[in-house]
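First the structure, in the form of structure tokens, and then the observations on it.
The values are calculated or read from the model by the stated rules, or taken from the named source; none is laboratory data. The shown structure was predicted, so the numbers you read here are calculated from the model rather than taken from an experiment. Ideal geometry is used to build each Cβ from the backbone, glycine not excepted, and the neighbour counts take in all protein chains shown.
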Amino acid sequence: MTLEMVLMWIALAAYAGATAVFGFGVTFFKDTLIKRALLVATIGLGAQVVSLGVRWARVGHGPYLGFYEVANALVLCAVAFFVIAAWRNSRLSAAGIGIMPVALLLLGVCGRAGADRQIVLDLRGQRPGRGLAGLFLGILALPIAAGILANQAFSLRYTMVAFVPFLLVLAVGIQCFAAPARRHGMLALVVVLGLLNGLAQTNDSRTQASRFAKLLAAQAEPGDVVAFCPDQLGPAVHRLLPGFGDQVVFPTMGSAERVDWVDYGQRNQSASVPTFADELNRRAAGHQVWLIWAAGYKTATPQCRTLQASLTELRPRHQVVLDPNNSFERAQLVDFQP
């Protein structure tokens, strides 16, 4: 076995081991295990980088000609992005459970069953894994390319269109284990890791809407105005408090029930923030203005910051009631008193 393949097997073993440890660490909230798993994943990444370097020196070109090389490079980039992000932000470590499917994807593209305890890797790729992987990557590239061409924001949920071919490549990868016991064991491991990943996600809140709703229901009074900036923050809270007070959104002063996406960016960027702030102040005369706002939105961040500053000038008596937390859609709640 060549040095290149030995290093690749080390990488695959490290990814599989790291994923299992990630699963236990995330499920049982063991930070020490999560850090060790990240270290093992980093070792696997190093082995894969060296393996690609050895291949580059042998064939005389980078990982961009053959299908195996491109797939290998994509796997390398995905794992590298995760490792770098997880070292910088420990909250992202739960995503390490997804490293195992990455390893099996590589097996599905290039592997086939050999003898009882052997897996043969063909660097040109194997059928049907090669075709399924191409379908998976092609479908995955569509929403990314569309977002770039249309200059639109990208969300991970758009990748769900590639989920079926992804599962099919995983299935082909599992078939690389010739012995039924090992094949069934690997299938069971993938299922368990998938369930652990799902369990970890159940602890994550998508929004802070429930906390905002509880605070408003307990502290807001008739005549108060609740404003959302940007308007994307409105529907989640409005759904929990459908008949509660006066809920308006920036910049239309309309209902928080739904978001109007027609000419969305142009409408936000052309809006007059001082005019909106003055209208809020007038509308809530003698009452409180509750502002739920957040930064980080492509077409509204400067406006929302300016709105918060404008209301501060109009209503110096204010307090931050709730700060952003780790939710996917996080925001700040500020109470501006009359």
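Which of the numbered conditions does HIS287 fail, given that it passes all the others? Conditions: (1) crowded, with 16+ Cβ neighbours inside 10 Å; (2) modelled with pLDDT of 90 or more; (3) in a helix (DSSP H, G or I).
Checking HIS287 against (1) crowded, with 16+ Cβ neighbours inside 10 Å; (2) modelled with pLDDT of 90 or more; (3) in a helix (DSSP H, G or I), the one that fails is (3).
Go through region 291-325 and give me each residue that's small (Gly, Ala, Ser), in a loop (DSSP other than H, G, I, E, B) and out of contact with any strand residue (DSSP E or B) (no Cβ under 7 Å at 6 or more places or on another chain).
Pass one, region 291-325, residues small (Gly, Ala, Ser): 294-296, 300, 309-310.
Filter once more, keeping what is in a loop (DSSP other than H, G, I, E, B): 294-296, 300.
Within region 291-325, ALA295, GLY296 meet the criteria.
Whether any residue in region 1-11 is at pLDDT 70 or above, more than 25 Å from LEU135 (Cα to Cα) and in contact with a strand residue (DSSP E or B) (Cβ under 8 Å, 6 or more places away or on another chain) is what I want to check.
So far as region 1-11 goes, yes, one or more of its residues are at pLDDT 70 or above, more than 25 Å from LEU135 (Cα to Cα) and in contact with a strand residue (DSSP E or B) (Cβ under 8 Å, 6 or more places away or on another chain).
Name the residues in region 296-336 that are free of Cβ contacts under 8 Å to residues at least 40 places away in the same chain, surrounded by 12 or more Cβ atoms within 10 Å (Cβ to Cβ) and more than 21 Å from GLU279 (Cα to Cα), would you?
Within region 296-336, just GLY296 meets the criteria.
Of all residues in region 50-61, which are without any contact (Cβ under 8 Å) to a residue 40 or more places away in the chain and surrounded by 15 or more Cβ atoms within 10 Å (Cβ to Cβ)? Write out each step before concluding.
Taking region 50-61 first, the residues without any contact (Cβ under 8 Å) to a residue 40 or more places away in the chain are 52-53, 56-57, 59-61.
Answer for region 50-61, where residues must be without any contact (Cβ under 8 Å) to a residue 40 or more places away in the chain and surrounded by 15 or more Cβ atoms within 10 Å (Cβ to Cβ): just LEU52.
With (1) under 19 Å from GLN219 (Cβ atoms); (2) out of contact with any Gly (no Cβ under 9 Å at 6 or more places or on another chain) as the list, and GLU329 as the residue in question, which single condition is left unmet?
Failed condition: (1).
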